[in-house]
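One structure below.
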Amino acid sequence: MKLRALAHSRTGDKGNTSNISVIAFRDDDYPYLCEHVTAQRVKEHFRGIITGEVVRYELPVISALNFVLKGALGGGVTRSLALDAHGKSLSSTLLDLELPERNASA
Amino acid sequence: MRVEEIGHDRVRVTGGRGAPKTGFLKTSVGYVDSFIGEGQISYAGAGAVARGKLALDIVRERLALTGVATSETRFDLIGVNALHGRAANEVEPYEVRIRVVGRTDSLAEAARIGNEVETLYTNGPAGGGGAWKSAREIVAVASAFVPESAAQLRLSLFEA
């Protein structure tokens, strides 16, 4: 199942850094997302798209994760050659992440 | 920090904290960074991607042959790999739009890039359409920290 089945995502940009949030539709899914949507998995998923490190921040009160991705925006939004200079479509990339099937539960 | 819903269009926010000012102000500095030249053209129907790739190869070689000086270039297929450099699946789209973009040191040099794409109308693969080009000066923004003590607040109000 893809991450988009369990969460939505927004992006922000600052210089050459992108931040991408993952917000669980249901609070109950948050522990599962924390377990499987790790900084390492996200870095792997974005290989070839970003050039730097990925740091994950947890916001359990709102069942969300925020990923900060360095070297993500072609040298900076204001000078990038990229078609999507702000990296707004990177949220769609992240929501394409494959998640392992869970054991059947409510 | 917690946010709890306490009524219709009403929330209670608790638990926030603060920290002392850093003594620095974040400063955004605008500067003339470079020039960017760009061109796009579309192909449709059977073999659109193949023609698009050939068009990109032609422009790449033309820029080298004619000595267009660029410090950075991109050769994208919009609809295939323009956003994230790869297609997740290998489905052939009905149409594709090529995009050539390069960074140059002058506006005149930037204009040459778009011209090499536009000329594909009659000097490129069959059926190229909807050509578009642009050459522009790039004023970029860099971030810096300035000691707060160095900044004097002055307010100017303009009425239009």
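Taking only Cα atoms and a 10 Å spring cutoff, compute GNM fluctuations for chain B and point out the largest among B:Arg86, B:Arg74, B:Arg17. Among B:Arg86, B:Arg74, B:Arg17, the largest GNM mean-square fluctuation belongs to B:Arg17. The aspartates and glutamates whose alpha-carbon is closer than 12 Å to the alpha-carbon of A:Lys88, local same-chain residues fewer than 8 away aside, are A:Asp13.
Approximating the spin labels as points 7 Å out from Cα along Cα→Cβ, the A:Val55-to-A:Asp96 distance works out to 2.7 nm.
Straight-line reach from B:Lys53: taking Cα to Cα under 21 Å and skipping same-chain neighbours fewer than 8 places apart, the lysines in range are B:Lys133. Using +1 at the Cβ of each Lys and Arg and -1 at the Cβ of each Asp and Glu in chain A, identify which of A:Phe46, A:Ser80, A:Leu69 lies farthest towards the dipole's positive end. Of the listed residues, the answer is A:Ser80.
For the listed residue pairs A:Lys70/B:Lys21; A:Lys2/A:Lys43; A:Lys43/A:Lys70, the alpha carbons are over 18 angstrom apart in A:Lys70/B:Lys21. For segment B:1-75, the alpha carbon positions stretch 64, 41, 15 Å along the principal axes, listed from largest to smallest.
Backbone amide hydrogens, once placed in the peptide plane, bring A:Gly15 within less than 5 Å of A:Val77, excluding anything fewer than 5 places away on its chain. Segment A:3-94: percent of C-alpha pairs farther apart than 17 Å? Pairs farther apart than 17 Å: 45 percent. Between the C-alpha center of segment B:133-156 and that of segment A:10-86 there is a gap of 27 Å.
Angle of helix B:107-118 to the longest C-alpha principal axis of chain B, folded into 0 to 90 degrees and rounded to 10: 50°. Normalised Debye scattering of the protein assembly as shown at q = 0.07 Å⁻¹ gives log10 I(q)/I(0) of -0.38, counting only Cα atoms as equal scatterers and leaving out solvent. With helices as the sole contributors, the protein assembly as shown gives -5500 deg cm²/dmol at 222 nm; each DSSP H run of n ≥ 4 counts as -39500 (n - 2.57), and the sum is divided by every residue.
Quick check on segment B:45-141: what does the Kirkwood estimate of hydrodynamic radius come out to from the alpha carbon pairs, in Å? When all Cα pairs of segment B:45-141 are included, the Kirkwood radius is 14.2 Å. Highest mobility in the GNM of chain B, judged by mean-square fluctuation with C-alpha springs under 10 Å and restricted to B:Leu65, B:Leu120, B:Leu77, is found for B:Leu65.
Any read-out appearing in this document is the output of simple, stated calculations on the displayed coordinates, not a laboratory observation. If you're wondering where the values come from, they're calculated on a predicted model, not measured in any experiment. Cβ sites come from the backbone with ideal geometry, for glycine too, and all protein chains shown count toward neighbours.
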